[in-house]
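The values are calculated or read from the model by the stated rules, or taken from the named source; none is laboratory data. Note that the structure is predicted; figures quoted are calculated from it, not measured. Cβ atoms come from the backbone with ideal geometry, glycine included; neighbour counts cover every protein chain shown. What goes into the accessible areas is simple: the full protein's heavy atoms, side chains included, and nothing from ligands, DNA or RNA. Shrake-Rupley method; radii C 1.70, N 1.55, O 1.52, S 1.80 Å.
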Amino acid sequence: MSTFLVRRLLQALVLLLIVSMIGFAILHLAPGGPLSQFAAGGDMTQADLDRIAEQLGLNRPLPVQYAEWLWRMLRGDWGLSYRDHQPVLHIIASHIGATMELMLSSTLLAMLLGAWVGILGAIRRYSLFDALATIGAMIALSIPTFWFGLVIIYVFSVGLGWLPAGNRYTIGDGSALNRIHHLIGPCIVLALVSTAVWSRYMRSSMLEVVNQDYIRTARAKGVPERQVLLRHAFRNALLPMITITGLHVPTLLSGALVTETVFTWPGMGRLFLDSISYRDYPTVMGILMFTAVLVLLGSLIADLLYGLADPRIARNG
Amino acid sequence: MSADLTGVTEVRIAASPFLWNSPGFRRFRRHRLAVFGAVAIVAMTLACIVGPMLLPYSDTFIDIRQRFAPPFSDPHVLGTDPLGRDILARLLMAGRISLAVGFSAMLISMAIGICIGMIAGFYEGAVGAVLMRFVDAMLCFPSIFLLLAISALISPSVPSIVMLIAMTSWMEVARVVEAQIKSLRTRDYVVAAVAMGASNRRIMFRQLLPNAIASIVVAATLNVAHAILAESYISFLGYGIQPPTPSWGNMLENAQSYLTSAPWLAILPGAAITLAVSSFNFVGDGLRDALDPRMDLP
Amino acid sequence: MTKHSDGTTGSVFAMPALHRRHLLALGAGGFLAASGFGASAQTKPAPPPPAKPTGQVVVGLSQEPTAFNPLMPGIEVDETVWMQVFNTMWLADPQGNLTPDLATEVPSEANGGISEGGLAWKVKLREGITWHDGAPFTAEDVKYTLELINAPGFKSRTRVGHALVKDIVVKGPHEISWRMEKAYAPYLALLSNTFIVPKHLLEKASDPNTAPFNGAPVGTGPFKWGQRTPGDNITLVANERYHGKGPYLEKAVLKYVPDQTALYAQFRTGQVDLIIGTGIPANFYAEAVKLPGRKIVKIPNASLEILMPNLEHPALSEKAVRQALYASINKQAIIDVIFYGLHKPTESFAPQESWAYNPNLPQQSYDLAKANELLDDAGWKRSGSGVRIKNGVPLEFAVSTTTGASLREQCQQLMMQDWQQVGVSMKINNMPAAVIWGEFYTRSKFQSLLVGTAFRTVIDPDPASRFASDAIPAKNGSGANQMQWQNAEVDKLLKEGQETFDQAKRKAIYWKLQEIVREELPILPIYQYVPVEGYKEGLIGYEPNINARQNTWNMGSWYWAR
């Protein structure tokens, strides 16, 4: 177990190094740069722009800039934002709460809803409900998330006035109720894809379990069907499901970025967008590294749980 | 010689699902959603190719006096946009672009993914490890983050958007192919071919690739769906295909400020995207069931 | 450069991908001169302000203020914060007059503050002003500010004008003097936008670039730094020791809503009390004026929407081509249809409210026949494809602007259709803001740009950095003459304008300059922006100011009628 962990962690470090190289190369090779923002204003002269480029160290060769970034990163210094003039870690920390709130709540919603739809679909296989759930899940996976968000806003905020059209809370009213009210729309939108994924996996993993010998045995023994399903089948179908959640982290992060954009939610997705259009290199790199760590952590947990769930899996990869 | 023969037999077995009466195809036909998806794709493609020629309006003809006509208004069946252009004409032309982007991005990403996957799967040692770590690293970026970062590199045009999507969607394919090749490698006929002294390239392309075709076809179908969706996301985030060329994504993007006053501008392209993407997903799902009997649960 | 609010100028463009959406949407039209504006906004006599600061105002912004040290690089929206927390020595009122703030009077040749033909400057400062932390404000702070701007390692925003300052002498706790390397009239205007920072706090930091001050600024302004929720809002609180009028509000919240449509929606539902800066998108104007309990105003703005040709382009370098292109732009259709009639057509690079504006320039009219004639006469022959050719050079070029600016994209498509009719092939080549405003723009790699920008130095009419031939970055110049315009007569006029302090004389110089620009068309002016802002009824004191970069310039004197 522990050698497995050490191996995985070493692998993760190598991956992070490659991730940082790819990210750094993409960003810095792109035309334009952090000075565009100021050039557009027209009141800064070329002399000012050249001086600031010099002061930010943007004129040095790329490998030198990368080496310096990496060296500082290794010592725990994530750099200073160009846009904010604040430490990057501090900036990420101040946006992560909003994103986590959104991601966790929608994951919870997706788990509950997805498990319910999946189990019911598995029990009543080939029923109308099952067919509709299947079609619904496929469509949910096919709708552009932002379009769904716009429709939700159009119907429930603009049309019916039930939900706020954006923001995390009303200024001057930070009560829990107010926050939950604001969370409903984005939470539903972000949960759409996860619910579809969960329900599909839940359904097939339930079907797989239901046909195992011990379930048949339980049935044969006359254990009530409800108990068979919930006690035995559900419990055994659940663990593999949790691994799905771990592997689902990148999708969830992408979805969060789009959802935050539509609902003007002040999280990491918005920060990433703002930073990338500003070419705030230190912040963009910081976010990329941070998300890469989250993704790797997600898959590591998934692997560990998968191993726990099914001891037959050899841990050699 | 005999190496060739073994290869051919294997191909015939693997390719047989495409024959009308094969068990695979029958499974596919039973999958009603997949059939619906296939029909929808064909219908949409035909409409987008033929449709614009039959319409009285060009997709770029500007008629300011007719702007914001709602759907079902007289000459414009689906209404007009803020410059008075016919939405039906634009929707169909946009369909050409979006579907073309979807297919071409799929072809390129499949080409990249298959090559990398095959090489990684075939040369297991250092080459394979390095390639697959690169694939893993690319997968560490949430897809939108990667799309956004790379979109910064390019100026938006149809070919560059195709490249952008292809560059960010080949990794899953590479993984699938790698896994397939790895498992096929140990099969007897491959081992036999190696023993007969067949060249590596011959083994890869004549024997391994054809036998991985089932999973590749499934991945390709899902890839088209992904690419169409990706095009709309890039447009939504402001880096999409530029006017006057219409695409479903940029039609939707431009409709946002008219959401309250002219909601049809947003609803129509959104519905077109959803229909196209779900059709490809249905077909992909059906193909998976049909071509991969292991998934066919009792 | 007034607020380029609209995003027109820099900011908008520059704006993050998402603002992109309606950036452009701003607009507003035929408007009233800057003067008399405040009066028209409030008809009833206003109730008196409260005795002590009460209530709060939520100001909606579609860009996020992130830079709080007013001397460091930032964009216009950052000034919404600077204006509240800091003060300048003097500032411009809506009529364009400079009024003293930290100084007791604005230096001039008449009062002896400026002497030796503009080489010697002397300023008396107001006494009894304190920083938010209680320390007294003195001439040392002004000296420190001016020196910090020129300090080698400091990332100052711009050194235009400041670089000429030398021999700064503190003559007493509230008196300062310096000398200029050469006479430079626009410096007066530049100082109206130079916020004074506290010496006692910044000099303590080992590196002023990373001082804690930059994240929690301390100034002399009407509001003190409260707290910031990044990505969401900034809260400022009343400075009860403020030396000027007010503040009457207890709290001011600057709320960031990263999308103009969403911001407008929140204004409509009342979550934000007013929208400034990028304003209300043009397509919502008609609806907005009918909102109950809201006042919607078209505000004056000094930014222009122009087509900026690259004068080194083989076709665009020819004057006749530019004149023909200009004659075939349907300005009225652009303004009326795309911008709902809000913006006003213009012929000059100077804002119509400026004292330097020349109203006698020839009027452009949409005339395709004349355009065809101009091109025929200049020897551009139609080829088989309908595109004109001269000496093997086809009359074709690309127009670039930022991606995602949907109204501007509509504009491009209208122009494309018109130009096609006179045998000109135009292509659209739009790019993300961070790309377009990089070297593509600064090093003149574009063919032509559709851009909103201003041609002046803060509020001074001097456009030298945009028009002088030594200001071409692509030719090692140091300004922002990206068209690469070179004209000896213009260079001479620009120099004279900078060295002259007498307004009447300067006016004659700039009138002549406007005539030359109208004739030569180094820029094709389309319209002057008229953005729309809005506020809740009952808010007293809001007053648009074309000479301030943001209309929060007088927030200290705002209050609610209650």
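Treating each Cα of chain A as an identical point scatterer and summing with the Debye formula, the log10 of I(q)/I(0) at q = 0.06, 0.13, 0.15 Å⁻¹ comes to -0.29, -1.09, -1.26. The magnitude of the dipole of chain C, with charges of +1 and -1 set on the Cβ of Lys/Arg and Asp/Glu and taken from the Cα centre, is near 640 debye.
Leaving ligands and nucleic acids aside, the A/C contact buries around 4300 square angstrom of accessible area in total at a 1.4 Å probe radius.
The convex hull around the C-alpha trace of the stretch C:99-154, projected and averaged over every direction, spans 5.3 square nanometres. Taking label points 7 Å from Cα along the Cα-to-Cβ direction, A:Leu62 and C:Lys122 give a separation of 5.8 nm.
Counted over the stretch C:308-464, the DSSP beta bridges are approximately 55% antiparallel. With all protein chains in place and a 1.4 Å probe, the accessible surface of the stretch B:176-215 carries 55 percent carbon and sulfur. When the Cα convex hull of chain B is projected onto planes of every orientation, the mean area is 18.7 nm². State the Cα centre-to-centre distance between the stretch B:219-283 and the stretch C:61-81 in whole Å. Each part reduced to its Cα centre gives a spacing of 35 Å. With a 1.4 Å probe on protein heavy atoms only, work out how much accessible surface A and B bury together, total over both chains, in Å² to the nearest 100. Chains A and B together bury roughly 3900 Å² of accessible area. Rounded to whole numbers, the Karplus 3J(HN,Hα) couplings from phi for the stretch C:479-491 are x, 9, 8, 6, 6, 6, 7, 10, 8, 4, 5, 4, 4 Hz, using 6.51 cos²θ - 1.76 cosθ + 1.60 with θ = phi - 60°, and x at Gly and Pro.
Local charge sum around C:Pro53 (other residues, Cβ-Cβ under 14 Å, Lys/Arg +1, Asp/Glu -1)? That works out to +4. If R₀ is 35 angstrom, what is the calculated FRET efficiency for the pair C:Asp367 and B:Leu54, using the beta carbon separation as r and rounding to 0.05? FRET efficiency, C:Asp367 to B:Leu54: 0.40. Per-residue mean of foreign Cβ neighbours for C:227-235 is 6 (Cβ atoms of other chains, 10 Å radius). Relative to the longest principal axis of the Cα atoms of chain C, the long axis of helix C:368-377 lies at roughly 70 degrees. Extension gain, A:Ile135-A:Arg231: 0.36 nm per intervening residue step, less the Cα-Cα distance, totals 31.7 nm. A Stokes-Einstein calculation at 25 °C with viscosity 0.890 mPa s, built on the Kirkwood radius of chain C over Cα pairs, returns a diffusion coefficient of 100 µm²/s. Residues of the stretch A:78-104 losing 10 Å² or more of accessible area relative to the isolated chain, 1.4 Å probe, heavy atoms only? For the stretch A:78-104, once contacts with the other chains are taken into account, A:Leu80, A:Arg83, A:Asp84, A:His85, A:Gln86, A:Ser94, A:His95 lose 10 Å² or more.
Extending 7 Å from Cα along the Cβ direction at A:Leu108 and again at B:Ser157 yields two label points whose distance is 5.1 nm. Quick one: buried accessible area between C and B, total over both chains, 1.4 angstrom probe, nearest 100 Å²? That pair hides around 2200 Å² of surface in total.
Once Lys and Arg get +1 and Asp and Glu get -1 on their Cβ, which of A:Leu49, C:Thr194, B:Ala149 lies farthest toward the positive end of the dipole of the protein assembly as shown? It is B:Ala149, whose Cα lies furthest towards the positive end. P(r) tail, the stretch C:85-230: Cα-Cα pairs separated by more than 28 Å, 17% of all pairs.
Solvent exposure of the stretch C:210-265, expressed per residue, is 31 Å² of accessible area, with all protein chains present and a 1.4 angstrom probe.
Backbone geometry of the stretch B:141-151 corresponds, through the Karplus equation with coefficients 6.51, -1.76 and 1.60 at θ = phi - 60°, to 3J(HN,Hα) couplings of 8, x, 4, 5, 4, 5, 4, 5, 5, 6, 4 Hz, x marking Gly and Pro.
Calculated FRET efficiency, B:Ile64 to C:Glu312, Cβ-Cβ distance, R0 = 30 Å: about 0.30 to the nearest 0.05.
Span-like helices, chain A: DSSP H, alpha-carbon axial extent 27 Å or more, mean Kyte-Doolittle -0.5 or greater, which ones? Going by DSSP H runs, the hits are A:2-29, A:88-123, A:176-210, A:281-309. When the convex hull of its Cα atoms is viewed from all sides, the protein assembly as shown shows a mean projected area of 51.1 nm². Summarising the overall dimensions of the stretch C:197-337 from its C-alpha atoms, the Rg and Dmax are 22.8, 62 angstrom. With distances taken between every two different alpha-carbon atoms, the stretch A:1-143 has a Kirkwood hydrodynamic radius of 20.5 Å. With all protein chains kept in place, the per residue accessible area of the stretch B:144-298 amounts to 33 square angstrom at a probe of 1.4 angstrom. Less than 5 angstrom separates the built amide H of C:Leu91 from those of C:Thr99, C:Asp101, all sequence-distant by 5 or more or on a different chain. In this structure the stretch A:163-317 gives 40 Å² per residue of accessible area when probed at 1.4 Å with all protein chains present.
Protection proxy ranking of A:217-228, B:68-79, by the mean of other Cβ atoms within 10 Å over each peptide's residues and highest first, is B:68-79, A:217-228.
In the structure shown, the pairs C:Lys224/C:Lys245; C:Lys331/C:Lys370; C:Lys295/C:Lys344 are assessed against 18 Å; a Cα-Cα span above that value is assigned to C:Lys295/C:Lys344. Between 0 and 90 degrees, rounded to the nearest ten: what's the tilt of helix C:139-150 against the longest Cα principal axis of chain C? Value to nearest ten degrees: 30.
In this structure the amide hydrogen of C:Ala548, modeled in the peptide plane, comes within under 5 Å of the amide hydrogens of C:Lys3, none closer than 5 places in sequence on its chain. When the Kirkwood radius is taken over all Cα pairs of the stretch C:422-528, what Stokes-Einstein diffusion coefficient follows at 4 °C and 1.567 mPa s, in µm²/s? D = 85 µm²/s. Relative contact order, whole percent, for chain C stands at 25, derived from Cα pairs under 8 Å and 6 or more residues apart. In µm²/s, what is D for the stretch A:85-143 at 25 °C and 0.890 mPa s, where D = kT/(6 pi eta Rh) by Stokes-Einstein and Rh is the Kirkwood radius from Cα pairs? Result for D is 175 µm²/s. Debye-formula intensities of the stretch A:168-281, expressed as log10 I(q)/I(0) at q = 0.18, 0.20, 0.22 Å⁻¹, are -0.94, -1.03, -1.13 (one equal scatterer per alpha-carbon, no solvent). Computed from the Cβ-Cβ distance with R0 of 60 Å, the FRET efficiency linking C:Arg179 to B:Cys115 stands at 0.30.
Taking every alpha-carbon pair within the stretch B:161-298, the share separated by more than 22 Å comes to 55 percent. The mean number of partner chain beta-carbon atoms within 10 angstrom of a residue's beta-carbon across peptide C:500-508 is 0. For the stretch A:35-135, with all protein chains in place and a probe radius of 1.4 Å, 71% of the accessible heavy-atom surface sits on carbon or sulfur. Scaling the Cα radius of gyration of the stretch C:160-253 by the globular reference 2.2 N^0.38 Å produces a ratio of 1.36.
Helix C:503-520 and the long axis of chain C differ in direction by around 30°, with both axes built from C-alpha atoms.
Bridging of C:Lys427 to aspartates and glutamates at a Cα separation below 12 Å is possible for C:Glu396, C:Glu409, once same-chain residues fewer than 8 apart are set aside. Helices in the protein assembly as shown, meaning DSSP H runs of at least 4 residues, each add -39500 (n - 2.57). Divided by all residues, the mean residue ellipticity at 222 nm is -15000 deg cm²/dmol. With Cα atoms as the point set, the stretch B:149-221 shows a radius of gyration and Dmax of 16.9, 51 Å. Across the stretch B:214-225, computed HN-Hα scalar couplings (Karplus, 6.51 cos²θ - 1.76 cosθ + 1.60, θ = phi - 60°) run 4, 5, 5, 5, 4, 4, 5, 4, 5, 5, 4, 4 Hz from first to last residue, x flagging Gly and Pro. Across peptide C:472-481, the mean count of Cβ atoms from other chains lying within 10 Å of each residue's own Cβ comes to 3. Overall size of the stretch C:378-437 from C-alpha positions, given as principal axis extents largest first: 38, 21, 18 Å.
Model label points for C:Ile516 and A:His181, set 7 angstrom from Cα along the Cα-to-Cβ axis, are 6.2 nm apart.
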